[in-house]
Amino acid sequence: MERITLHTQNTTYQIGINEKGFLLHLYYGPRTEADMSNLMTYCFRCGHGNPYDYGIDRTFSCDFSPQEYSCYGSGDYRNHAIRVRDAQGVAGADLRYKSHRFVDGKYTIPGLPASYGDAKTCEITLEDPRLNLEVVLKYGVFYAEDIITRCVEVKNNGTDDLYLNKVMSASFDFVTGQYDLIHFYGRHFNEMNFERTFVGHEAISIGSRRGVSGHQHNPFAILCDRDAGEEFGSCYGMSLMYSGNYVIQAEQDQYSQTRFQAGISDEMLDYLLPGGESFHAPEVIMTYSSEGLGKLSRNYHRFIRNNVCRGKYQHTRRPILVNNWEATYFDFTGDKLLEISAEAAKLGIEMFVLDDGWFGNRGCLDCEPVDGNIGDDRGLGDWFVNEEKMGGPISNIVEKVNAMGLKFGLWIEPEMVNENSKLYQAHPDWALQIPGKKPVLGRNQLVLDYTRDEVIDGIFDQITKVVDSANIEYIKMDMNRSICEAYSAAAGHQNFGEITYKYVLGVYKFLDKLLARYPDLLIEGCSSGGARYDAGMMYYTPQIWTSDNSDAIERLNIQCSASYGYPVSVVGSHVSAVPNHQNGRITDIDTRGMVAMSGNFGYELDLTKLSQEEKDKIKAQIVRFKADWDIIHNGDYYRVTPGGENREFVAWNMVSQDRKQALLNLVTTNTHGNPLVIYGKCKGLDKDTLYRCRETGEVFSGAVLMHIGVPMPMVFAEYVAFQYHFDAI
Ligand code: GLA
């Protein structure tokens, strides 16, 4: 059988082309030079659809042979990867191998984010001549990184329309094995809960139909051996570089073979592909680890840091910021912002970020409260400065903040409009809404039609006027509701599935335009916290506000779960006030500081209301974070306490690339009378090296630190944080 083999340093991916041109998935796993078509079996099986050209031979069927890109109409009744309908409304295709080629460099995807770097591309073209259809499977092979990416281009080479009802980005089959699916579910204020589920003989499917990737399921999942743990076992990751409706699923078929796939949600896809045009399915970033979940995560950390994120701040420390949202909400004046900034400057904070409420009639202080919030029912869409509230043009404030030695950052939510806004009065048709149906509101707002260039340009022009008017070096780009009415007033042919896809492309277009105009701008992503925490956004926004929940103890879970697929360098994390505004919990400022340091560090509280002791601690935290930044962001990250467990404490550590330094972070999550001693372990050290603990002066071997750990002092309190540095001697 002809084979196409993709090698990375430690992994091999092999595809077979059988004698009839069917593309078979032969293997993905530890590196091997072998011919893996030996894994194929040809059993006589009844009760299946056999391709016509197999005649009376019943040893091959797309229903039980391992498929590389299963097609509806081929006789494969499992979850297929592609379903195409023709102009007569008939679904079904017969995709066979046409050609393949290797090219140097990494493919790009028109209109969609794609990873980049030192890679090779393999393109496999499948065709169905009856439909004039070509499907190009693209693979990006990152050798040193142990990463293989996939995406798909569907081409209509004919003149008749085709409709795409399903186009997965990646799909492959395992001929044997029993697996668990690890995924991360959640809600607003409670993102990223670890869940591990056995993949039995039913499809397990996570995804979003909200127009954004969503709080409910992160678009990243791991398929692993049932006994895989942090340090052992086979695991496969799929991370979707896409920020809209999607699905990731796994199922065991009737012969206990497992299919794993990811892509745009087919439930939401009905894409008209006219003759001569192409459709692009987004990229999936895949990795395989034979050494457990920890290694898989570290593959993703390095890759997202180096091959997904971009810009001036990709590898440099981002400014330590103070954001006024939890400090003031809408209740601020220009003078109040300056007071916070002045205090920030004294503490060593490097940037002031002005959050929601600076524009139009948004958050005006004399309006009626709605749901306890004053004025969040108005103003979105009107991106001009409320000079009355701010006490003058924004440049006045920015100049003063800059004069204090701070950078200035600004919040925007460019995809949204309130009915109570000048923009909506002028352009009601710019909002996505169905004629004759009252729209579903979310936070009193509607979603703008980002499938239309004039809408994107209109918002872009407004926002760039503000950014041009002052020295604004950071933008927090928010998105606070899901899409419900996918109806575009401009689309002649109304097509729900098309609009949700084109909307996401519109968001990427907006971000592209912003970065083209301001290449040094740091954009922090946000979507009511972590509703758009995906590798697609990370291409544009190298940091993302991970959750609106700023409680240090809940953040332990959120940040630990995020670490399965995403690096610390993306996490946005701030110290906020106590009692915490989301759950009322009281934690010490040391604990809040330490947890927030495992990310892009900042503060989100009224600095003018702090005690001297708190101010002194904040000053010290800032000095410490700056000193530790390199190991925190560029070091290898290890979960000492894995996700999903009921724990007495949560611990994680970072190790420098040369293994000469480690930073252990540990927070107790429970307290007891007459407690047990907690031993804080580190992982990833050199077992034969001796390390001195900077805090206690004690010396331990790497082996002891990894196998037993160091005893933590007993402290009579709840939620205590320990941070220990270990230096090789
Ligand atoms: C969202 C964000 C918050 C804050 C508010 C402002 O909820 O996640 O951080 O910016 O919007 O309205």
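For region 1-102, the list of GluC sites (Glu not before Pro) that fall in a loop by DSSP and count at most 14 other C-beta atoms within 10 angstrom reads GLU19, GLU33. Listed cross-link partners LYS346/LYS465; LYS295/LYS509; LYS465/LYS509; LYS120/LYS155; LYS155/LYS312 are compared with a 26 Å cut-off, the Cα-Cα value being larger for LYS346/LYS465; LYS295/LYS509; LYS155/LYS312. Can you compute the label reach from TYR679? Point 7 Å from Cα along the Cβ direction, backbone N cut-off under 13 Å, restricted to region 688-726. Within reach of a label on TYR679: 701, 703-712. Legend: residues CYS484, CYS682, sorted from most to least accessible area (1.4 Å probe; ligands, DNA and RNA excluded), read CYS484, CYS682. For the chain, the residue among LEU321, ALA81, GLN621 whose Cα projects farthest onto the positive side of the dipole built from Cβ charges is GLN621. What shape does region 376-450 take by its C-alpha gyration tensor, where a ≥ b ≥ c are the square roots of the eigenvalues and a/c under 1.5 counts as rounded, a/b above b/c as prolate, and the rest as oblate? Because a/c hits 1.5 or more and a/b exceeds b/c, region 376-450 counts as prolate. When the Cα gyration tensor is reduced to axis lengths a ≥ b ≥ c, the ratio a/c is 1.5 or higher for the chain, and with a/b not above b/c it is classed as oblate. Taking the 1.4 Å solvent-accessible surface of the chain as the whole, the part contributed by carbon and sulfur is 50%. Centre-to-centre, using Cα atoms only, region 185-219 and region 277-326 are separated by 19 Å.
Considering only MET537, ILE499, TYR691, and ranking their Cα positions along the charge dipole of the chain that arises from unit charges at the beta-carbon of Lys, Arg, Asp and Glu, the one farthest toward the positive end is TYR691. Largest to smallest in accessible area, the residues VAL103, VAL623 fall in the order VAL623, VAL103 (1.4 Å probe, all protein chains included). For CYS62, the solvent-accessible surface computed with a 1.4 Å probe is close to 0 Å², ligands and nucleic acids excluded. For the chain, relative contact order (Cα pairs under 8 Å, six or more residues apart, normalised by length) works out to 10 percent.
Electrostatic bookkeeping for ASP86 treats Lys and Arg as +1 and Asp and Glu as -1; over the other residues with beta carbon under 13 Å from its beta carbon, the sum is -1. Over all other residues within a Cβ to Cβ distance under 9 Å of SER70, the charged ones net out to -1, with Lys and Arg as +1 and Asp and Glu as -1. Per-residue Karplus couplings for region 439-445, computed as 6.51 cos²θ - 1.76 cosθ + 1.60 with θ equal to phi - 60°, are listed in order as x, 7, 9, x, 6, 6, 10 Hz, Gly and Pro entered as x.
Taken one residue at a time, the phi angles of region 375-391 give Karplus couplings (6.51, -1.76, 1.60, θ = phi - 60°) of x, 8, 9, 8, x, 4, x, 9, 8, 10, 5, 7, 5, 5, 5, 7, x Hz. Gly and Pro are set to x.
Kindly work out what percent of the DSSP beta bridges joining two residues of the chain are antiparallel, to the nearest 5. Of the beta bridges lying entirely in the chain, close to 80 percent run antiparallel. Mind jotting down the distance between the C-alpha centroids of region 15-89 and region 509-524, whole Å? Centre-to-centre distance over Cα atoms comes out at 44 Å. Accessible-area rank, largest first, for GLU127, GLU339: GLU339, GLU127, with all protein chains present and a 1.4 angstrom probe.
Of the trypsin sites (Lys or Arg not before Pro) in region 211-299, the ones in a loop by DSSP (not H, G, I, E or B) with at most 12 other beta carbons within 10 Å are ARG226.
For ARG694 and VAL715, the FRET efficiency from 1/(1 + (r/R0)^6), where r spans their Cβ atoms and R0 equals 22 Å, is about 0.70.
The charge dipole of region 103-163, taken about its Cα centre with unit charges on the Cβ atoms of Lys, Arg (+1), Asp and Glu (-1) only, comes to about 80 debye. Secondary-structure-derived ellipticity at 222 nm for the chain, considering helices only, amounts to -6000 deg cm²/dmol, per-run term -39500 (n - 2.57) for DSSP H runs with n ≥ 4. Considering only SER701, LEU23, ASN156, the residue lying farthest towards the positive end of the dipole of the chain is SER701, judged by Cα position with unit charges set on Cβ.
Could you tell me which of rounded, prolate or oblate describes region 602-706, using a ≥ b ≥ c as the square roots of the eigenvalues of the alpha-carbon gyration tensor, with rounded for a/c under 1.5 and, failing that, prolate when a/b is larger than b/c and oblate otherwise?
It is oblate, given that a/c is not under 1.5 and a/b is not larger than b/c.
Suppose every K and R has +1 on its Cβ and every D and E has -1 on its Cβ; what is the size of the dipole of region 228-322 about the Cα centre, in Debye to the nearest 20?
Its charge dipole is roughly 920 debye.
Remark: relative contact order (region 208-366) = 19 percent; criterion is Cα-Cα distance under 8 angstrom and separation of 6 or more residues. Run through the DSSP bridge list for region 417-544 and note the antiparallel percent, rounded to the nearest 5. The antiparallel fraction comes to roughly 35 percent. Each Lys and Arg Cβ is given +1 and each Asp and Glu Cβ -1; about its Cα centre, region 296-427 then shows a dipole of about 1280 debye. Accessible surface area normalised per residue over the chain is 36 Å², counting heavy atoms of protein chains with a 1.4 Å rolling probe.
What are the chymotrypsin sites (Phe, Trp or Tyr not before Pro) within region 644-729 that DSSP puts in a loop, where the Cβ has at most 13 other Cβ atoms within 10 Å? Passing both the DSSP loop test and the Cβ count: PHE716.
Sequentially through region 588-605, phi angles give Karplus couplings (6.51, -1.76, 1.60; θ = phi - 60°) of 5, 5, 5, 5, 4, x, 5, 5, 5, 5, 7, x, 8, 6, x, 10, 8, 7 Hz, Gly and Pro residues having no value and appearing as x. Rounded to whole Å, give me the distance from the Cα center of region 712-729 to that of region 121-153. Going from one Cα centre to the other spans 49 Å.
The values are calculated or read from the model by the stated rules, or taken from the named source; none is laboratory data. Computed from a prediction, not measured in an experiment: that's the story for all the values here. In this analysis, Cβ positions are derived from the backbone assuming ideal geometry, glycine residues included, and neighbour counts consider all displayed protein chains. Remember, those area values only see protein heavy atoms, side chains included, never the ligands or the DNA or RNA. Shrake-Rupley method; radii C 1.70, N 1.55, O 1.52, S 1.80 Å.
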